[in-house]
Amino acid sequence: MPMIDFEPPERFVADTVGPPGQRVFFLQATQGSHIVTVSLEKEQVRLLGESIGEMLDNVAPEVGSELAGEAVADNAPLDTPIEEDFRVQRLSLAWDEEHKSVIVEAHDGADDENDEEDASSTSMMQSLRVHLSPAFARAFSQRCARAVEGGRPNCPFCGNPLDPSGHICPRANGYRR
C-alpha cells in the first residue's frame with residue numbers, strides 16, 4: 001500500500017467546494033509543489049475535527065489550546081487545481097508521544113488485507129499520513145468545524161438540513177415549513 005507521508009506538511013486543511021447542499025469535502029496536504037487532495041464525507045470531517053480536539057484536550061491542553069490554534073490558523077482556500085487523488089474510506093488518528101505530534105491517516109481501502117478477493121487490489125490502495133504539531137492540529141480541528149458549519153442551516157424541529165424552498169419535516173407529519 002503506497003503511503004504518502006507529510007512529516008510535517010507546510011499546509012494541511014479541510015475545506016469544501018460547491019454550493020450548500022452540493023458540497024464536496026476535501027483534505028489537502030501540501031509540501032512545496034507536492035499537493036495531495038483526498039475527498040471524504042461531511043461526517044468524516046466533523047468526527048475527525050472533534051476527535052482531534054478531544055485528543056488535544058487530554059494529551060496537550062496547553063500547547064494545543066484554542067489560542068495556540070488561532071495563532072497558526074490557515075484560512076486560505078484549497079490550492080488549485082483541486083484534483084482528487086483518492087476517496088477516503090477509513091481515517092485513523094494517533095498521538096506520537098516521542099515527537100509530541102498528532103498523526104492523521106486517511107486510507108482509500110478497507111482494513112481487511114487478508115481477504116483473497118482484495119489481495120490483487122491491495123497493491124493499488126493509497127494512504128495519506130500527516131504529522132501535525134499540537135497547535136497546527138488545533139487549527140485544523142477548528143477549520144474542520146467551520147467547513148461543516150458552512151452548509152445549509154438545520155431545521156429547528158427535526159435537525160435535518162433545510163433547502164432554500166424548505167423541506168418536508170418528519171416532526172411536522174410531512175408538512176412543509
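The values are calculated or read from the model by the stated rules, or taken from the named source; none is laboratory data. Nothing here was measured: the structure is a model prediction, and the numbers come from that model. Quick reminder, even Gly has a Cβ in these numbers, built from the backbone with ideal geometry, and neighbours come from all protein chains shown.
The figures follow:
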read-out: Pick from region 1-57, criterion part of a strand (DSSP E or B), among the charged types (D, E, K, R) and under 15 Å from the mean Cα position of the chain (by Cα), ranking: farthest from Glu105 (Cα to Cα); value: Asp15
read-out: Residues (over 20 Å from the mean Cα position of the chain (by Cα), of a type in the set (A, V, I, L, M) and surrounded by fewer than 17 Cβ atoms within 10 Å (Cβ to Cβ)) located in region 131-176; value: Ile168, Ala172
read-out: Near pairs, Cβ below 6 angstrom, 6+ apart or cross-chain, from region 100-111 (modelled with pLDDT of 95 or more) to any residue that is among the basic types (Lys, Arg) and buried (at least 17 other Cβ atoms within 10 Å of the Cβ); value: Glu105/Arg129
read-out: Any hit, region 52-73, residues being surrounded by 12 or more Cβ atoms within 10 Å (Cβ to Cβ), touching a Phe, Trp or Tyr at 6+ places or on another chain (Cβ under 8 Å) and at pLDDT 95 or above; value: yes
read-out: Subset of region 17-51 (residues that are surrounded by fewer than 19 Cβ atoms within 10 Å (Cβ to Cβ), of a type outside the set (Gly, Ala, Ser), touching a Lys or Arg at 6+ places or on another chain (Cβ under 8 Å) and closer than 14 Å to Gly151 by Cβ); value: Val17, Pro20, Arg23, Lys42
read-out: Some residue of region 117-130 being modelled with pLDDT of 90 or more and assigned to a loop (DSSP other than H, G, I, E, B); value: yes
